[in-house]
Amino acid sequence: MKKLNNENLKLGVQKKGRLTEETISFLRLAGLEFESYGQRLFSTCRNFPLEIIYVRDDDIPDYVESGAVDLGIAGLNLINEVQPQVMRLLNLGFGYCSLCLTAPKESPIISPQEFEGKTIATSYPNSTKAFFEKRNIKVKIMKISGSVEITPILGIAQGVVDIVSTGSTLALNDLCVVEKLYDSEAILLANSKSLVNQKKKKTIDSLLMRLKGVLAAKNYKYVMMNAPQTILAQIKKTTPGLKSPTISPLATPGWISIQTVIQEDIFWETIEKLKILGASDILVLPIEKLII
Ligand code: PRT
Ligand code: ZN
């Protein structure tokens, strides 16, 4: 049987579920090379001192807290629910969802206050308790481990607190959102002792730089354009780039070529502004990695 290399850093990821595919492709984008995860219990990275351990997502916070693994990738929903003593290192920009309080469509309930004295079914009892306690609303919480949305139909709960992503499960079960408890995404967690171990800390920092490089690249596009020299000052204002744009002269007198980066979330507004200013021949390229 293949053995774990205990000299290596250990990272716990979900074995099979909603976070698995994106976690694996995120790690690969960061340049980590390892065999396909398939039926494996763990993979050893070929080009980085890291063992990737495949486990159920619910176990990841505990494994990180106890030091069974140094790092873990799990949904913020689990962290909020379990409240493990771990360090949150990085939001990873995938696995987006929200924990929501919902009620049957035909129910007259439209606010959390109206649940006073009623029963809420959920797999997130701690988050639910904290939500109602903060508002001074007394409810009975029924802990259910799966298919929570069936409970109002069975007549055993008047409300449900569950994860919502596209909303199609809610629609299918005639439920609607009364209030959002919180938003969630996948995050990278670390064991606090691993962070004070000098050797491990060095490897964690090096992994973090790679992961941040992937995240930053996702947030920016590389842009090249031509423009009359006269509008350079306005272009610099519109697209300041990382430090400042790169400028080179064109063979046509009075014209320049500009290379810069534009943030993804303001991409189209910026391009429109540049067009109005007089920029042309705008070429947009994806960035593979960006180390700032
Ligand atoms: O087997 P294992 O224990 O590892 O997996 P699991 O079945 O417990 O978890 P899994 O794979 O369903 O989810 C893993 C993580 O993905 C969660 O902890 C969240 O951080 C995140 N995530 C993102 C979601 C969803 N989106 C999601 N839609 N987790 C669950 N859901 C479920 C939700 O519970 C509901 O049943 O999907 C349904 C709602 O989805 P929509 O799209 O119909 O709204
Ligand atoms: Zn789970």
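Given R0 = 22 Å, the distance between the Cβ atoms of Asn219 and Arg18 translates into a calculated FRET efficiency of 0.45.
From the cross-link list Lys200/Lys289; Lys3/Lys289; Lys15/Lys212; Lys15/Lys134; Lys16/Lys143; Lys193/Lys289, which pairs have alpha carbons spaced over 28 Å apart? Present the calculation step by step, with values, prior to reporting the outcome.
Values: Lys200/Lys289 24 Å; Lys3/Lys289 33 Å; Lys15/Lys212 23 Å; Lys15/Lys134 35 Å; Lys16/Lys143 24 Å; Lys193/Lys289 30 Å.
As for pairs spanning more than 28 Å Cα to Cα, those are Lys3/Lys289; Lys15/Lys134; Lys193/Lys289.
Note on the chain: dipole from Cβ charges, positive end direction compared against Val160, Tyr63, Ser280; the farthest Cα belongs to Tyr63. Positive end of the dipole of the range 143-235 (Cβ unit charges, origin at the Cα centre): among Asn226, Ser206, Ala171, the Cα lying farthest that way belongs to Ser206. Taken about its Cα centre, the chain carries a charge dipole of roughly 900 debye when the Cβ of each Lys and Arg holds +1 and the Cβ of each Asp and Glu holds -1.
If you place +1 on the Cβ of every Lys and Arg and -1 on the Cβ of every Asp and Glu, how big does the dipole about the Cα centre of the range 1-116 come out, in debye to the nearest 20?
Magnitude of the dipole: close to 560 debye.
Computed with a 1.4 Å probe over protein heavy atoms only, the accessible surface of the range 77-178 comes to 53 Å² per residue. At an R0 of 22 angstrom, the distance between the Cβ atoms of Leu208 and Asn6 translates into a FRET efficiency of 0.55.
Ligands, DNA and RNA left out, the accessible area of the chain computed with a 1.4 Å probe is 54% carbon and sulfur. With protein chains left intact and a 1.4 Å probe, residues in the range 248-292 average 67 Å² of accessible area per residue.
The loop-placed trypsin sites (Lys or Arg not before Pro) in the range 209-292, going by DSSP, that have at most 11 neighbouring Cβ atoms within 10 Å of their Cβ come out as Lys243.
The candidates Ser194, Ser107, arranged from most to least accessible area with a 1.4 Å probe in the full protein assembly, appear as Ser107, Ser194. Per residue, the chain reaches -8500 deg cm²/dmol at 222 nm when only DSSP H runs of four or more residues are counted, each adding -39500 (n - 2.57).
The values are calculated or read from the model by the stated rules, or taken from the named source; none is laboratory data. From a predicted model like this one, the values you see are computed outputs, not experimental measurements. We place every Cβ from the backbone using ideal geometry, glycine too, and count neighbours over all the protein chains shown. Keep in mind that these areas ignore ligands, DNA and RNA; they rest on the heavy atoms of the full protein, side chains included. Shrake-Rupley method; radii C 1.70, N 1.55, O 1.52, S 1.80 Å.
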